[in-house]
Amino acid sequence: MTTKILVITSSILGGNSQALADHLVAEAARRDDLAITRRDLVADDLPHLGLAELGSWQVDAAERSAEQQALAARSDALIEELKAHDVVVLAVPLYNFGVPTQLKAWFDRVMRAGVTFRYTENGPQGLVEGKRAVLLLARGGQYAGTPMDTQTPHLKAMLGMIGLSEVNSIFAEGLNMGHQQEALGEAKSAIEQLVAKL
């Protein structure tokens, strides 16, 4: 049985988080039972979500205008791609204690009420089930496990909202503090161990 892995990158610099993603892809390529799909959110830049696109989701598919069909197709395609894979890998740099706007634009389109999650009397329920996520996180400073790491909880909350509650995080930190080679080496070793268990 083939495990399908969706690798999403979002670095405008194409640097360390991209290197981690590349390493994971190279390791996965060694196995015949792993299939990789890559989505580069910088090369395939999504616009910020606007009212017209948001509104297109509220119209029944059969009643959408041509413009609304085109707008809704963006989100529909990204959700279909997400659902078609078993593992979602997000390679994410830390920008101003958050995620790149390119990645936020992706989340804005895959987090859709009634499609990837729904509200119940007990709170929201994710509808994308049976999948796991991997976070490859590259940071210039050292933030993991501290109150300064606002990024990891945010990513886990968004993934959990749509049903991806099993999340593995691999950090490469201190990259601008003289620890680049050591940090990247440790992260790549962790990636190799993770891929071996997929």
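Two decimals is fine: what's Rg over Rh for the stretch 112-198, C-alpha atoms, Kirkwood radius as Rh?
Details: Rg = 15.8 Å, Rh = 14.6 Å.
Radius of gyration over Kirkwood radius for the stretch 112-198 works out to 1.08.
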Self-check item: Residues in the stretch 1-29 that a label on Glu80 would reach, taking backbone N under 11 Å of a point 7 Å out along Cα→Cβ
Solution: none
Quiz item: If ligands, DNA and RNA are left out, what is the accessible area of Leu34 with a 1.4 Å probe, given in Å² to the nearest 10?
Solution: 20
Practice problem: Collect residues whose amide H, placed 1.01 Å from N in the peptide plane, falls under 5 Å from the amide H of Arg38; neighbours closer than 5 in sequence don't count. | Solution: Val7
Quiz item: Given a 1.4 Å probe and the protein chains all in place, what does the accessible area of Arg31 round to, in Å² to the nearest 10?
Solution: 60
Quiz item: Taking a 18 Å limit on the Cα-Cα distance, which of the listed pairs Lys156/Lys197; Lys83/Lys131; Lys104/Lys131; Lys104/Lys188; Lys104/Lys156 fall beyond it?
Solution: Lys156/Lys197; Lys104/Lys131; Lys104/Lys188
Practice problem: Kindly write out, for the stretch 157-170 in residue order, the coupling ³J(HN,Hα) from the Karplus curve 6.51 cos²θ - 1.76 cosθ + 1.60 (θ = phi - 60°), rounded to whole Hz, with x marking Gly and Pro. | Solution: 5, 5, 5, x, 4, 9, x, 9, 9, 8, 10, 9, 10, 10
Quiz item: What nm value, rounded to one decimal, do you get for the distance between Val115 and Thr37 when each label is placed 7 Å out toward the C-beta?
Solution: 1.5
Quiz item: Considering only the chain, what is the antiparallel percent among its DSSP beta bridges, to the nearest 5?
Solution: 15
Quiz item: Once the stretch 40-112 is represented by equal point scatterers at the alpha-carbon sites, with solvent omitted, what log10 I(q)/I(0) does the Debye formula produce at q = 0.12, 0.28 Å⁻¹?
Solution: -0.37, -1.36
Quiz item: If we restrict to alpha carbons, what Rg and Dmax does the stretch 4-76 come to, in Å?
Solution: 16.9, 47
Practice problem: Quickly work out the Ala52-to-His179 label distance, labels modelled 7 Å from Cα along the C-beta direction, and quote it in nm with one decimal. | Solution: 4.7
Quiz item: When only the heavy atoms of the protein chains count and the probe is 1.4 Å, how do Glu173, Glu192, Glu63, Glu121 rank by accessible area, highest first?
Solution: Glu121, Glu63, Glu192, Glu173
Quiz item: Label Thr2 and Val167 with points 7 Å out from Cα along Cα→Cβ: what is the distance between them in nm?
Solution: 2.9
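For the chain, what D do you get in µm² per second when you plug the Kirkwood radius from alpha-carbon pairs into Stokes-Einstein at 20 °C and 1.002 mPa s? Intermediate results must be reported in sequence, preceding the final value.
On the way: Rh = 17.7 Å.
The diffusion coefficient I find is 121 µm²/s.
The values are calculated or read from the model by the stated rules, or taken from the named source; none is laboratory data. Being a predicted model, the structure only gives us computed values, none of them experimental. Because the Cβ atoms are built from the backbone with ideal geometry, glycine has one as well, and the counts that use them run over all protein chains shown. Protein only, heavy atoms only, side chains kept; ligands, DNA and RNA dropped before computing areas. Shrake-Rupley method; radii C 1.70, N 1.55, O 1.52, S 1.80 Å.
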